[in-house]
Each structure stands twice: as C-alpha cells, then as structure tokens.
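Comments concern the structure below.
The values are calculated or read from the model by the stated rules, or taken from the named source; none is laboratory data. In this text the structure is predicted, and so the values were computed from the model without any measurement. With ideal geometry, Cβ positions are generated from the backbone for all residues, glycine too; neighbour counts draw on all protein chains shown. With ligands, DNA and RNA removed, areas are computed over all heavy atoms of the protein, side chains included. Shrake-Rupley method; radii C 1.70, N 1.55, O 1.52, S 1.80 Å.
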Amino acid sequence: MENQAAKELLYKMADDALIIGHRNSEWTGIGPMLEEDISFSSMAQDKIGHSWALFKILNKLGENEPDIVAFTRNAEQFHNCQMVEFPIGEYNFSLVRHFFFDLAEYHRYEMLEDSSLGDLAQLARKIKGEIKYHVLHAKTWMKNLGNSTEEAVSRLQGSLNELYPMALGMFEPSPFEDQIVSDGIFGGESELMSKWRSSVMEIIDQTQLELNIDGDWNPLYGGRSGVHTEHLQPLLDEMSEVVRTDPAAEW
Amino acid sequence: MYGGGNVFEPMKVKELIDEDPVLLKEFEARIDRGEKIEPTDWMPELYRKQLIRMIEQHAHSEIIGALPEGTWITRAPGFKRKMALMAKVQDEVGHAQLLYSAAETLGKPREKMIDDLINGKSKYSNIFNYPAFTWADSCFISWLVDAGAIVNQLANAKGSYGPYVRALDRICKEESFHLKYGHDCVATLAAGSKQQREWMQDAINRWWAPMMMFFGPSDKISVHSEVLIKWKVKMASNDAMREQYLDMYVPKILELGFTIPDPNLRRNEEEGKWEITEPDWDEFKRVINGDGPCNKERLAVRRVAEERGRWVREAINRKSENYIVPLA
Ligand SMILES: [Fe+2]
Ligand SMILES: [Fe+2]
Ligand SMILES: [Fe+2]
C-alpha cells in the first residue's frame, strides 16, 4: 500500500517533468532571441533528465522500463497536471508557465530532501541544485519584463490571469494525501501550495504585475487522475512516433 | 555547421589599389608571419566585407541548421536520444550566437544580419533546404553533415581573423561530440532490424547528392580569389575539402554495410583522388538562390520567430551594446 502512494507521487512528478520538458524543447530554434532559445533548451534537457531519473525509481519499485512507460502510454494513463500540456503559445505564456512551475518544483524537491523514500530523497538533493537555476532564470525574466514596456507588462498580466487557475491544478490533492504525509514520503500538496504562493507573490510584488491570489479562482483539476485536455494525446503521438514503429528495437 | 559551400561572389568594394599601400603591406606581412588580425586593427575593406559575409553565412547556417534536426527532438526515440539531440541542437544555436558575435566585431549588428537572412539577401548552407523526412535523416545530419562541417571548420580555424578563429576552436570541440552522437545513431540503425537499415539507407540515398554539393562548386567552375587565399580568409579549396571528406567517410559508411548511391564513385589510386558523378551545379544554384524544397519554409519559420519575439527584444532593449566585443 505504501508503494502505491509513493508511485502515485512519482508518476505525477515524472509526467510533469516529461511533458513540460517536451513542450519547452519546442522553443529550440524559434525563441525570441538566441539566448532564450538556449536557456529553454537547457532547462528542457534538465526536465527530461529529471523525468528519466524518476522513472528509474519507479522501475525499481516494479514498474516497466522508463522508455516503455514514458513513450507508450496513452493520455488517460498520464498523471501530469493539465497546465504543462498546453501548447507553448507566445513567449509570455511559456515564461509565466515556467515561472509558476519551477517555483513549485523548487519547493517540492526541497520538501523531498528528507523523504522517507531514500532514492527520492537522494535524487531531490541533486535536482534541487539544478532547479535553482531554472528559478533564477524565471525570476529574472519576470522581473525584467514585468518592469519594462507596456506591451510586455500587459502580455505577462494576461498570461498570469490565464495560467493561475491552471497552476493551482499542480496541487490537486492525491487520494493518498494523508498516507503520504504520515509515512513521511512527502509533506503534502497543501503545504507545498502555501510555500509556492508566497514565493510567487514575492516576485510579483517587485513588478508592475498584479495577482490576487485570494480571489475566487477555479483550479484546473483532473490531470492527476488522467483527465486531460485535447492537447495531450497529439503530443504523445508525436513523442512516440518513432518508438511505436518498433518498441522493442534499439534506437 | 556549417560554413560549407560559401559562395565567393565578386562584390563591390573599394579597389585594392585605393587602399593605403603602406598599411596594406604591413597587414599582409602580419598575415604571412601567422599573426591574427584583431577587430581594432587596420584591414582592407575587401577583407572586412568578405569575412562578414563568410561568418554571417556560417552563423545563419547554424541557426537554420537547427530547424531540420530540431523537428526531431519531439519525436526522438527514447530518453537517451531525446536528451542527446536536444543538447546537440542547443549547441548549434550556441554556435550561431558565437558566430554572430564574431561577425559583429567587424561592424555589422546581429539584428541587421538576421534581417538580411530573412529577406533573402544573405545565404546559408544549401543542405538545410532539403527536408528531413525520417528519424534516419536526422541521424544522417548529425553524423555526416556535421562531419562535413568539421572538415570545413577545421580548415577555417587556421584562418587569419582572431575572433572567428577563436569561435571556431570552441565550435570544433563541440562538433566532435556531435559526430560521436551521430555515428552512434547511424551505427545503431545499421545493427538494427531490416526496416531500420532500410530507413538509414534511404536517408543516405536522399542526402548524398546534396552532401556532395555541400563544399560548394568545383574549383574548375567556382570564382577564385587569389587574394582571399593569400589573406587566409579562404583556407582550403572546395575540391580539397570534398576529397578529404570522401577519404574519411566513404570507408566508414561502407563499413556499416550501407551503399553509396553513386555508380561512378571510385578512388583513382594512380591520381590519388576520388572520382564522383559531377554534382548538378544548376540545381545547386537554383536552390541557393531560393528555389529548393524547403527554402521558403525555413525562412518563414525564422521570420515568424523574429516577429513573435520582437516585443521581448524591445522590452529588454540591448541597443547600448558595444559591437567591438572580444570573444573569450
Ligand atoms: Fe552543426
Ligand atoms: Fe555547429
Ligand atoms: Fe554540430
């Protein structure tokens, strides 16, 4: 039973990282400036790497090989939050998503550093160091653009409003929430969310942007239980296009 | 990539005869002694213009070259390949960045270079105007197009312009990883199923002719400029680079069990050189002048990226940047 709770946590983390990494890699070659192309690509590589490492832990817990699990499931079998599956959109959308996502990732891995699941705790210590740079990148760009031209500020403001309810979907409670906390695997989604909200506001307050986090927001739930938007399946079809021709082959 | 196939068209600049003879003599003596020319040093206008054009074309080739391979990042089979391909394409974009900086030291701003790319004034390596249909095509590019790029870049790295040479030194180090990655991808397909081997063979069949054009028109028909060789701007003839490529890679391709789609390909041992079917230089000219299978698509992608990103660049306003930036 303990295993199932841990697996649920690992799956959603691995799927989040895989899907956002995949999305952010789509900026390769088309970023607003070469430097941003390179930053998004480098962060995307880290994310895919994190996902791989999490699937390896799942593999040790009895799940299938990482390549099989990642590249052959259907959308309903994915546990990522819906926010990460949306297309990259304009740069403002991708930047705000990255800001919301990585601030949460940072706190999540920080909380996991003393998880009772040894492999995860060890991985968290390593990954937190990388996420630090992702967070630094997100904060720097939010502050720079959030204090610049009228167009930039209004674009970011639009994306904040659009993405905030999606971001709340990251913290959709798990059916194993109590168990996972009492087993010391993870401190839980609600504690994570409150840490995340203060980190988000700390940055927003240094910009011309506004975000009423106490407003009447409707979180975009469903992703954690396999309910997804129409965007996920096509993404997965593309991702597995080559593998599916011969899943048993070496590539 | 990929400085390959640079076209040294004649250009309108100050006649050499109008340059200060004393400075010109000193400049040439420095190059003869193997010294590097630096951004603030005196240089003839022809040297500056040719180098801008060459480095700019090289930079464009890196960024446009990221597109055909980039479309395979989202489809790469498995974690290992996905991560490696992402890293590889990221390197190529980094090469573009390094090269634009090197060209900027000669006085042309990056934005202007990118404008010229988008409006078709400035060229890039012809090979990226061909489509990458399958995963095997992306493997061909990573191994065998990059291999061509390395031949070209190693030659140029012995040139006379300091910032370009230093950029190339860094680039060549990264390219050697690309080559290893690409070879591993191709070798894996070679050792794979019948279907996988067929895909790879088809990719070789598709890319071989463009690859033979990669180094540019044969010396017999290309515009030659003695002075560019003397000034160490152009470091190796197109034919010499093609020969070197064939020497190094034909055996490796055959070793993996693939064939090369040229019935006339043979090594003439008496003359010590390769015989190949003469590439279709009319096609080469047609494609480099904009009428290849993917020219419009590649430039459209670039144009849309520039337009969509304009507000970001305006917002962080980098205009104050000084263009004489020495490279690390
Ligand atoms: Fe390259
Ligand atoms: Fe390159
Ligand atoms: Fe390369």
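Mind checking whether some residue in segment B:88-97 is under 26 Å from residue A:38 (Cα atoms) and either among the polar types (S, T, N, Q) or touching a Lys or Arg at 6+ places or on another chain (Cβ under 8 Å) (or both)? Yes, some residue in segment B:88-97 is under 26 Å from residue A:38 (Cα atoms) and either among the polar types (S, T, N, Q) or touching a Lys or Arg at 6+ places or on another chain (Cβ under 8 Å) (or both). In segment A:221-251, of all residues being more than 14 Å from chain B (Cβ to nearest Cβ) and not in a helix (DSSP H, G or I), the one that is most open to solvent (accessible area, probe 1.4 Å) corresponds to A:230.
Of all residues in segment A:18-35, those satisfying the criterion of being under 21 Å from residue A:106 (Cα atoms) and touching a residue at least 40 places away in the same chain (Cβ under 8 Å) are A:18, A:19, A:20, A:22, A:23, A:24. Count of segment B:78-99 residues, restricted to those that are over 25 Å from residue B:56 (Cβ atoms), open to solvent by 10 Å² or more (accessible area, probe 1.4 Å) and within 7 Å of another protein chain (Cβ to nearest Cβ), is 3. One residue stands out in segment A:67-76 among those that are over 18 Å from the mean Cα position of the chain (by Cα) and away from chain B (no Cβ under 13 Å): the one that is most open to solvent (accessible area, probe 1.4 Å), namely A:74.
The set of residues in segment B:100-112 that are more than 9 Å from every other protein chain (Cβ to nearest Cβ) and more than 16 Å from ligand 2 (Cβ to nearest atom) comprises B:104, B:105, B:106, B:107, B:108, B:109, B:111, B:112. Apart from one condition, residue A:218 fits all of (1) away from every other protein chain (no Cβ under 14 Å); (2) open to solvent by 40 Å² or more (accessible area, probe 1.4 Å); (3) out of contact with any Pro (no Cβ under 9 Å at 6 or more places or on another chain); the exception is (3). Could you tell me whether residue A:42 is crowded, with 24+ Cβ neighbours inside 10 Å and at the interface with chain B (Cβ under 9 Å from one of its Cβ atoms)? Criteria not met by residue A:42. Considering the conditions (1) surrounded by fewer than 22 Cβ atoms within 10 Å (Cβ to Cβ); (2) within 14 Å of chain B (Cβ to nearest Cβ); (3) farther than 23 Å from residue A:218 by Cβ, residue A:126 is excluded by exactly one of them, (2).
Residues in segment B:210-244 that are in contact with a strand residue (DSSP E or B) (Cβ under 9 Å, 6 or more places away or on another chain) and assigned to a helix (DSSP H, G or I): B:239, B:242, B:243. Scanning segment B:46-54 for any residue that is at the interface with another protein chain (Cβ under 10 Å from one of its Cβ atoms) and either under 21 Å from residue B:150 (Cβ atoms) or within 16 Å of ligand 1 (Cβ to nearest atom) (or both) turns up nothing. Out of everything in segment A:173-199 that is touching a helix residue (DSSP H, G or I) at 6+ places or on another chain (Cβ under 6 Å) and not in a loop (DSSP other than H, G, I, E, B), what residue ends up being nearest to residue A:140 (Cα to Cα)? Of everything passing the filter in segment A:173-199, A:199 is nearest to residue A:140 (Cα to Cα). Tallying residues that are open to solvent by less than 10 Å² (accessible area, probe 1.4 Å) and in a helix (DSSP H, G or I) within segment A:77-107 yields 16. Here segment B:125-162 is the region considered, the condition is being more than 13 Å from ligand 1 (Cβ to nearest atom) and small (Gly, Ala, Ser), and the residue that is nearest to the other protein chains (Cβ to nearest Cβ) is B:136.
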